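Chemist: Before anything else, here's the structure in question.
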Amino acid sequence: MISRRDFLGAAIALARVKPRDPVMDARVKDRARDDDFASQNGARGFSRAPAVEIQRECDGPFCRLRVVNRGKTPIRLDDLVVLDQPIVFPATGTALYGEGFQMLSQTGGTMAAPVDYGQYTDAKHYRIPAADRVPSYYGLLTLTPFGGDTHAYAFTSCARFSGRFQIRDSAVQAIVDCEGLTIEPGGSWPLEELMVASGSDRSALLNQVAARLAKNHKVARPFRGRGRGDAPSTPPTGWCSWYCFGPNVTAQQVLDNLDVIAKAMPSLKYIQIDDGYQPAMGDWLETGAAFGGSVRTVLAEIRRRGFQPAIWVAPFIAEEQSHLFERHPDWFIKDDHGQPLRSDRVTFGGWRRGPWYAIDGTHRGARAHLEHVFRTMRREWGCTYFKLDATFWGAMHGGRLHDRRATRIDAYRRGMQAIGRGAGDGFLLGCNHPIWPSIGVIHGSRSSNDIKRSWDRIASTARQNLSRNWQNGWLWWNDPDAVVLAADVTNALTDADCQFHATAIYATGGMVLSGDDLTKIPDARAAMLRKLLPPTGIAAEFTDETLTVGVVKLPGARMICLFNWDDRSDTVTFDVPQPSTITDYWTDESLGRRKGTVAIVLPPRTARLLKAV
């Protein structure tokens, strides 16, 4: 673990500001060494920006940071580099994991060859600016040299500013994005807390990150709400209309599936109507003609049958033809000319009925609107679960906010807090959301891309979900997306595909929502779905970043999750510390009494879930 002295020696601030009169230009471009500082502390340095001081209060691996303007002139701050620590291990063979700003972006691979876990990246798809186009990792970066300790770098708070990490010139840099805001003479801002630590147990380090984030954002473990009513003490279960009916869902299709669930799968508690019920993006309290019935009538029937009504909403977006946008253009993030900023000018324009415009959470009228929508849905419609999609746009970059002193993190969190006030004791699931800014304002967090009925998507979403296991139960309940076990019109899954998919869902310890048309699911696949219920709430801990062997530690049992991600057979070994009877969870096949190291041959693209008691 890095010492306090080393932390201070490595944390040297660079203020980069935009030269705009009458604001003082304190931008520092050169990389000249601060010789006195470097000689005393053995650290690399940047030339300090005039009048900008970074104050540090460190406690073990944690350091609280504050920026102060000691000068007599306002200073516009852009990036603050608060850590510049040399890397002393080779790039080749050092495993890398980095989080993204938004849900769909994660990076693995090695320092020498980073690999995007999905195609919707921060840099390429969402076009989030990064200095000099250097790869950026938001919130968390881990580096694990072959055979060595894991080095963890994390921002353990996200109250106002986004923090990211970059690897540049054989050093890790931690950067706080101040978004060009102006700090007045004598002004002082708290920044986000930074953690730098190392150790041989990667899972323990990630748990330490999670515990500190939970503490700083006042999140209880297991997650039970944020002071406005308790969230479920176990991960939610239910059914989602999107993966069988998409945006063309009808009232009758929802009711037909409700019939099956009530008779055969009553453990699926929440019945969620997804995208497609509304006439336009933004007009969430209206019903589109294509739905074939009143949303409120369907929700009332769900309640009458003893289930919980759930609904999809994309609260921060609106299309140009929506009533919301036509009536209240002043509620949206603006461009440099004071007009509503069309999202495709600065980022991804939206996947349906775009380009979208983004609600400005710093506008009082917009917050009142968000609170009204969710209060209506909770109190009048009876919804107890809200899938909040496209919330990234609430933290959209490149625009101007109504409150010029606010950051986009401020805007997003204020908007989410308004939603929380309206939703009352309802469950809030974040989807396509900014990950770190969502801590403390949601109950559930989608942890992967959308699932599809294909091997490639099953494998990629499994890797994304399992890489975020450390968040489950600490920050929220992870949502690994829907369980899809039945064929659709274009794709069919093999038994091996389904077992891999189900094992990965089990290993997350998170939420379980069926995405199949349950009126058509085969009996064997329905039986597999039932075995996922109820979810354990306990995520598997993996031995390393390969995600080959994971263990779910249940009271009285150890569930061993084995994965072969490759196109060829592999022999996987795992430890059984105490004499135990091993059975296959899916087939009930007995593997006998075992102790010590056990070897299992896994065919290509397969997984097994074993129970040791």
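Chemist: What is the local net charge at Ala612, summed over the other residues whose Cβ is closer than 9 Å to its Cβ (Lys, Arg +1; Asp, Glu -1)? Before the final figure, lay out each step's value.
Modeler: Values: positive: Arg558, Arg594, Lys611; negative: none.
Result for the local shell: +3.
Chemist: Net charge within 10 Å of Tyr138 by Cβ-Cβ distance, Lys/Arg positive one each and Asp/Glu negative one each, not counting Tyr138 itself? Let's see the in-between values first.
Modeler: Numbers: positive: Arg164; negative: Glu99, Asp122, Asp177.
Local net charge: -2.
Chemist: Still on this structure: For each of Val552, Val176, count neighbouring Cβ atoms within 10 Å of the residue's Cβ, then give the residues from fewest to most.
Modeler: Values: Val552 22, Val176 25.
Listing Val552, Val176 from fewest to most nearby Cβ atoms yields Val552, Val176.
Chemist: Say each of Glu57 and Arg405 gets a label point 7 Å from the Cα, pointing the same way as Cα to Cβ; how far apart are those two points in nm?
Modeler: Between Glu57 and Arg405, the label points sit 2.1 nm apart.
Chemist: Further question on the same structure: Quick one: Cα centre-to-centre distance for segment 74-131 and segment 515-570, in angstrom?
Modeler: Cα centroid to Cα centroid, the span is 30 Å.
Chemist: What spacing in nm lies between the two simple spin-label points modelled at Asp344 and His323, each 7 Å away from Cα in the Cβ direction?
Modeler: Result: 2.6 nm between the two label points.
Chemist: Tell me which trypsin sites (Lys or Arg not before Pro) from segment 352-391 have a DSSP coil assignment and no more than 16 other beta carbons within 10 Å of their own. Let's see the in-between values first.
Modeler: Details: sites: Arg352, Arg353, Arg364, Arg367, Arg375, Arg378, Arg379, Lys387; in loops: Arg352, Arg353.
When the trypsin sites (Lys or Arg not before Pro) of segment 352-391 are filtered for loop state and at most 16 Cβ neighbours within 10 Å, Arg352 remain.
Chemist: Right, next: According to the square roots a ≥ b ≥ c of the eigenvalues of the Cα gyration tensor, what is the shape class of segment 541-612, taking rounded for a/c under 1.5, prolate for a/b larger than b/c otherwise, and oblate for the remainder?
Modeler: On the way: a/c = 1.72, a/b = 1.42, b/c = 1.21.
Verdict is prolate for segment 541-612.
Chemist: Here is a follow-up. A 26 angstrom limit on the alpha carbon distance is what I want to check against. Which of Lys215/Lys334; Lys452/Lys531; Lys387/Lys531; Lys263/Lys611; Lys269/Lys387 exceed it?
Modeler: On the way: Lys215/Lys334 35 Å; Lys452/Lys531 21 Å; Lys387/Lys531 24 Å; Lys263/Lys611 29 Å; Lys269/Lys387 15 Å.
Distance filter (> 26 Å) returns Lys215/Lys334; Lys263/Lys611.
Chemist: Now for a different question. Identify the trypsin sites (Lys or Arg not before Pro) of segment 116-161 meeting these criteria: DSSP loop state and at most 12 other C-beta atoms within 10 Å of the C-beta.
Modeler: On the way: sites: Lys124, Arg127, Arg133, Arg160; in loops: Lys124, Arg127, Arg160.
Sites meeting the loop and neighbour criteria: Lys124.
Chemist: Can you show me the helix-derived [θ] at 222 nm for the chain, built from DSSP H runs with n ≥ 4 at -39,500 (n - 2.57) apiece and divided by the number of residues, rounded to the nearest 500. The partial results should precede the final answer.
Modeler: On the way: 12 runs with 126 residues, N = 613.
Result for the chain, helices only: -6000 deg cm²/dmol.
Chemist: To continue, here is another question. Between Arg530 and Phe89, what FRET efficiency comes out of the Förster formula 1/(1 + (r/R0)^6) with R0 = 51 Å and r the beta carbon distance, rounded to 0.05? It would help to have the intermediate numbers written out before the result.
Modeler: Details: r = 47 Å, r/R0 = 0.92.
That gives a FRET efficiency of 0.60.
Chemist: Considering the options Thr543, Thr573, Leu532, tell which one lies farthest towards the positive end of the dipole of segment 521-609, charges being +1 on Lys and Arg and -1 on Asp and Glu at the Cβ, about the Cα centre.
Modeler: Leu532
Chemist: Now for a separate question. List the Cys residues of the chain that have no partner Cys with a C-beta closer than 4.7 Å.
Modeler: Cys with no partner Cβ under 4.7 Å: Cys158, Cys178, Cys240, Cys244, Cys383, Cys431, Cys498, Cys561.
Chemist: Express in nm, to one decimal, how much length is gained between Leu591 and Ala113 on full extension, taking 0.36 nm for each residue of separation and deducting their alpha carbon distance. Don't skip to the answer; put the middle values down first.
Modeler: Values: separation 478, 0.36 × 478 = 172.08 nm, distance 3.94 nm.
That pair, Leu591 and Ala113, stretches by 168.1 nm at full extension.
Chemist: Considering amide H positions built from the backbone, and no H for Pro or chain starts, which residues 5 or more places from Gln278, or on another chain, come under 5 Å of its amide H?
Modeler: For Gln278, whose amide H was placed from the backbone, the distant partners under 5 Å are Gly288.
Chemist: Next question. Add +1 for every Lys or Arg and -1 for every Asp or Glu among the other residues with Cβ under 10 Å from the Cβ of Phe307, and state the total. Can you show the working numbers first?
Modeler: On the way: positive: Lys269, Arg303, Arg304, Arg305; negative: Glu301.
Result for the neighbourhood of Phe307: +3.
Chemist: Under 14 Å from a point 7 Å along the Cα-to-Cβ line of Val613: which residues of segment 541-571 have their amide N that close?
Modeler: The answer is 554-560.
Chemist: While we're on this one: Just subtract the alpha-carbon distance of Thr494 and Ser188 from 0.36 nm times their residue separation and send over the number in nm, one decimal.
Modeler: Values: separation 306, 0.36 × 306 = 110.16 nm, distance 5.94 nm.
Between Thr494 and Ser188, full extension yields 104.2 nm more.
Chemist: Moving to a separate point now. Most exposed first by the Cβ proxy, i.e. fewest other Cβ within 10 Å, how do Arg608, Arg421 rank?
Modeler: Arg421, Arg608
Chemist: Related question: What does the highest-first list of 587-595, 476-484 look like by mean Cβ count within 10 Å? Don't skip to the end; give the middle numbers.
Modeler: Details: 587-595: 11.3, 476-484: 27.2.
Descending mean neighbour count gives 476-484, 587-595.
Chemist: So if we plug the beta-carbon distance of Arg303 and Thr581 into 1/(1 + (r/R0)^6) with R0 = 56 Å, what FRET efficiency do we get, rounded to 0.05?
Modeler: Working: r = 44 Å, r/R0 = 0.78.
That pair, Arg303 with Thr581, gives E of 0.80.
Chemist: Further question on the same structure: Compute the Kirkwood hydrodynamic radius of segment 237-531, taking the inverse of the mean of 1/r over all pairs of distinct Cα atoms, and give it in Å to one decimal.
Modeler: By the Kirkwood definition, the hydrodynamic radius is 19.5 Å.
Chemist: Suppose the chain between Arg296 and Arg66 were pulled fully straight at 0.36 nm per residue; how much longer would it get relative to their current alpha carbon spacing? If you can, show how the numbers build up before the last one.
Modeler: Numbers: separation 230, 0.36 × 230 = 82.80 nm, distance 4.93 nm.
Length gained, Arg296 through Arg66: 77.9 nm.
Readers should treat all values here as calculations from the given coordinates under stated rules, not as data from a laboratory. Predicted model, so just to flag it, every value in this text is computed and none were measured. So basically every Cβ, Gly included, is an ideal-geometry build from the backbone, and we count neighbours across all protein chains shown.
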